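Structure record follows, encoded as structure tokens.
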Amino acid sequence: MTENNEKAWLEIRNLSARVDGKEILKDFSLTVNAGEIHVIMGPNGSGKSTLSNVIAGNPLYEITQGSIYFKGQDVLKMTPDARANLGIFLAFQYPVELPGVSTALFLKTALNSKRAFLGEPELDAVQFMKRLKTRAKALDISDDMLKRPVNVGFSGGEKKKMETFQMAFLEPDFCILDEMDSGLDIDALRTVSSAVNVMREPHRSFLLITHHQKLLDYITPDYVHVMVKGQIVKSGDKSLALELEKTGYDLYK
């Protein structure tokens, strides 16, 4: 990873954060360059989900030191919606339900909000539906799922699939997938992985958070990091994930 260069998409420096008075992230640093896929692995309680929430701007987490820059802009000074409009997307570990809000309406509102933020014209109904149908067909999303309230009545796998669909539809520049592989069967795992592979572009980066290397049977990352007690303790390539599958995390605790 080359630090402080024009390719740097996301730069986290000496970041510490706590929730409910407990420090979770401790002097954490990471650089993700444009076009890269980074994977963070680690035991429960190591701070992986805290990291994703802090980047996205969850107000429950208090930043005590450090910085986060995305596209050269100070993320910590931005509201969660401004971060999203700038291009940061978080696929939740536990996707939330939005009763009364159809998936199609949710996506139209989110997309046009982003376009307004970027100074682009909103999509009209015809343009929106064309884009929606094209993306839905590519990920095998049914019309019924698009009409239903966001995640309401969906199985765990369907919720994860819909999170991936939202990512593909909104085309963010930095995608955080927080344990998207958790609870997925093989077919759903392939669908999620396929979306990541199809979306991989020189201007788009990914941060994948997972417990095990199964996801990496379908996605080849640039870097794999081991996170323990709020810090990265080792980095490597895909072979590091295979090593962890055999040895576990005891060596790093």
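Please work out the FRET efficiency for the pair ASP143 and ARG200, using the Cβ-Cβ distance as r and a Förster radius of 35 Å; give the result to the nearest 0.05. Each step should come with its number before you reach the end.
On the way: r = 28 Å, r/R0 = 0.80.
It comes out at approximately 0.80.
If each residue's Cβ is checked for other Cβ atoms within 10 Å, how do HIS38, HIS212 rank with the fewest at the top?
The fewest-first ordering by Cβ neighbours comes to HIS212, HIS38.
Equivalent ellipsoid semi-axes for the stretch 105-253, as square roots of 5 times the alpha carbon gyration tensor eigenvalues: give them largest first, rounded to whole Å.
32, 18, 13
Obtain the nm distance between the two label points defined at THR134 and ASP185 by a simple spin-label model: each point lies 7 Å from its Cα along the Cα-to-C-beta direction.
Once both label points are built, they end up 3.1 nm from each other.
Restricting to Cα atoms and excluding each atom paired with itself, what does the Kirkwood estimate give for the chain in Å?
18.8
Could you give the dipole magnitude of the chain about its Cα centre, charging the beta-carbon of Lys and Arg +1 and that of Asp and Glu -1, in debye to the nearest 20?
Dipole size: approximately 240 debye.
Relative to the present Cα-Cα distance, how much length would full extension add between ASP237 and ASN112 at 0.36 nm per residue of separation?
41.2 nm
Within a 10 angstrom radius of the beta carbon, how do VAL152, VAL192 rank from fewest other beta carbons to most?
Ranking VAL152, VAL192 by Cβ neighbours within 10 Å, fewest first, gives VAL152, VAL192.
Treat the count of other C-beta atoms within 10 Å as a stand-in for reagent exposure and order LYS229, LYS133 from fewest to most.
LYS133, LYS229
Taking a 19 Å limit on the Cα-Cα distance, which of the listed pairs LYS160/LYS234; LYS48/LYS253; LYS48/LYS71; LYS114/LYS137; LYS133/LYS214; LYS108/LYS130 fall beyond it? Before the final figure, lay out each step's value.
Details: LYS160/LYS234 29 Å; LYS48/LYS253 15 Å; LYS48/LYS71 22 Å; LYS114/LYS137 23 Å; LYS133/LYS214 30 Å; LYS108/LYS130 12 Å.
In this structure, LYS160/LYS234; LYS48/LYS71; LYS114/LYS137; LYS133/LYS214 lie more than 19 Å apart at Cα.
What residues qualify as long-range amide H neighbours of VAL39, i.e. H under 5 Å apart, gap of 5 or more or another chain, H built at 1.01 Å from N?
Correct list: LEU208, TYR223, VAL224, HIS225.
First check a/c for the stretch 30-79, with a ≥ b ≥ c the square roots of the eigenvalues of its C-alpha gyration tensor; if it is under 1.5, answer rounded, and if not, answer prolate when a/b is larger than b/c or oblate otherwise.
In terms of gyration-tensor shape, oblate.
Using 0.36 nm per residue of separation minus the Cα-Cα distance, give me the extension gain between ASP27 and THR247 in nm, one decimal.
76.6 nm
Give the angle, between 0 and 90 degrees and rounded to the nearest 10, that separates the Cα long axis of helix 125-138 from the longest principal axis of the Cα atoms of the chain.
Approximately 50 degrees, to the nearest ten.
Measuring from centroid to centroid over Cα atoms, what is the spacing of the stretch 41-74 and the stretch 141-157 in Å?
Computed from Cα coordinates, the inter-centre distance equals 29 Å.
We did not get these values from a lab; they are worked out from the coordinates using the rules stated. Everything numeric in this text was worked out from a predicted model, so none of it was measured. Positions of Cβ are backbone-derived with ideal geometry, glycine not excepted, and every protein chain shown enters the neighbour counts.
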